[in-house]
Amino acid sequence: MKEVVDVVDLHDNIVCQKSLPAVLKEGLLHRYAVVMLFNPEGELFVCRRLKGYFAGSLEGSVAGPVFSGEIASDAASRLLHECLGVCSAKQLSFVSRFGFLDDSMRVLVSLFVLRDFKKNVEYDADEVKSGSFLPLKKVSGLHPLFVKCLEMMKKFKVPAKDFL
């Protein structure tokens, strides 16, 4: 299956559709979903991905492109399932949408949170190198996108134990 995404303008209007590799190569603005996964103790699941934008970087749970014809919440559910084996999509809470731009990516992010996750995370060894739940006070070295996500969660007062 060829992964196709919507290229969008700054107002989230679709400009065209292109393959994900072409969008990444050309640095085009596209939609992106991020999920921050917390256990009942308020610890964040962090991992090192093997593929994608964050290969080798510390990532706050899971993130990836929203494919053409897909809505952001469906993309978030897909990513949770594909990368972390998590099927609790009905418990996803939307936090915010924001733009993120750095040297390697131009994305319009839809940020979701999944709180009080009580099961084990069974990450895909082809996607994720390692991962574990950590208290937010011990999380460091995250890719800048996930730092921004944590800032957005604080701004919108998302209830997580370390934000109280």
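In this structure, is residue 10 assigned to a loop (DSSP other than H, G, I, E, B) and surrounded by fewer than 19 Cβ atoms within 10 Å (Cβ to Cβ)? Spelling it out, residue 10 is indeed assigned to a loop (DSSP other than H, G, I, E, B) and surrounded by fewer than 19 Cβ atoms within 10 Å (Cβ to Cβ).
If you go through the range 103-111 one residue at a time, do you hit one that is at positive phi and touching a residue at least 40 places away in the same chain (Cβ under 8 Å)? No, because not a single residue in the range 103-111 is at positive phi and touching a residue at least 40 places away in the same chain (Cβ under 8 Å). If I filter the range 68-98 down to residues being β-branched (Val, Ile, Thr) and at pLDDT 85 or above, which single residue comes out as surrounded by the most Cβ atoms within 10 Å (Cβ to Cβ)? The residue in question is 95. Residue by residue through the range 34-77, note down the ones that are assigned to a loop (DSSP other than H, G, I, E, B) and among the β-branched types (Val, Ile, Thr). Result: 66, 71. Residue 126 meets the conditions (1) under 12 Å from the mean Cα position of the chain (by Cα); (2) in a loop (DSSP other than H, G, I, E, B) in every case but one. The failed one is (1).
I need the full set of residues from the range 44-67 which are surrounded by fewer than 18 Cβ atoms within 10 Å (Cβ to Cβ) and either hydroxyl-bearing (Ser, Thr, Tyr) or closer than 23 Å to residue 6 by Cβ (or both), in order please. The answer is 51, 52, 57. Taking each residue of the range 115-143 that is free of Cβ contacts under 8 Å to residues at least 40 places away in the same chain and looking for partners that are surrounded by fewer than 17 Cβ atoms within 10 Å (Cβ to Cβ) and of a type outside the set (Val, Ile, Thr) with beta-carbon atoms closer than 6 Å, six or more apart or interchain, yields 122/85.
Looking across 15, 95, one residue alone is closer than 25 Å to residue 133 by Cα and either assigned to a strand (DSSP E or B) or without any contact (Cβ under 8 Å) to a residue 40 or more places away in the chain (or both). It is 95.
Just the residues that are more than 12 Å from the chain's Cα centre (by Cα) and of a type outside the set (D, E, K, R), please, taken from the range 59-83. Across the range 59-83, the qualifying residues are 67, 68, 69, 71, 81. Exactly one residue among 34, 7, 46 is more than 18 Å from residue 79 (Cβ to Cβ), modelled with pLDDT of 90 or more, in contact with a strand residue (DSSP E or B) (Cβ under 7 Å, 6 or more places away or on another chain) and of a type in the set (Val, Ile, Thr), and that residue is 7.
Do we have any residue at all in the range 82-91 that's touching a residue at least 12 places away in the same chain (Cβ under 8 Å) and either in a strand (DSSP E or B) or among the β-branched types (Val, Ile, Thr) (or both)? The answer is yes; a qualifying residue exists. Residue 47 satisfies every condition listed in (1) in contact (Cβ under 8 Å) with a residue 60 or more places away in the chain; (2) closer than 14 Å to residue 107 by Cα except (2). Of the residues making up the range 10-27, those that are among the aliphatic types (A, V, I, L, M) and modelled with pLDDT of 95 or more are 14, 15.
The values are calculated or read from the model by the stated rules, or taken from the named source; none is laboratory data. Note that the structure is predicted; figures quoted are calculated from it, not measured. Note that each Cβ is placed from the backbone with ideal geometry, even for glycine, and that neighbours are counted across all protein chains shown.
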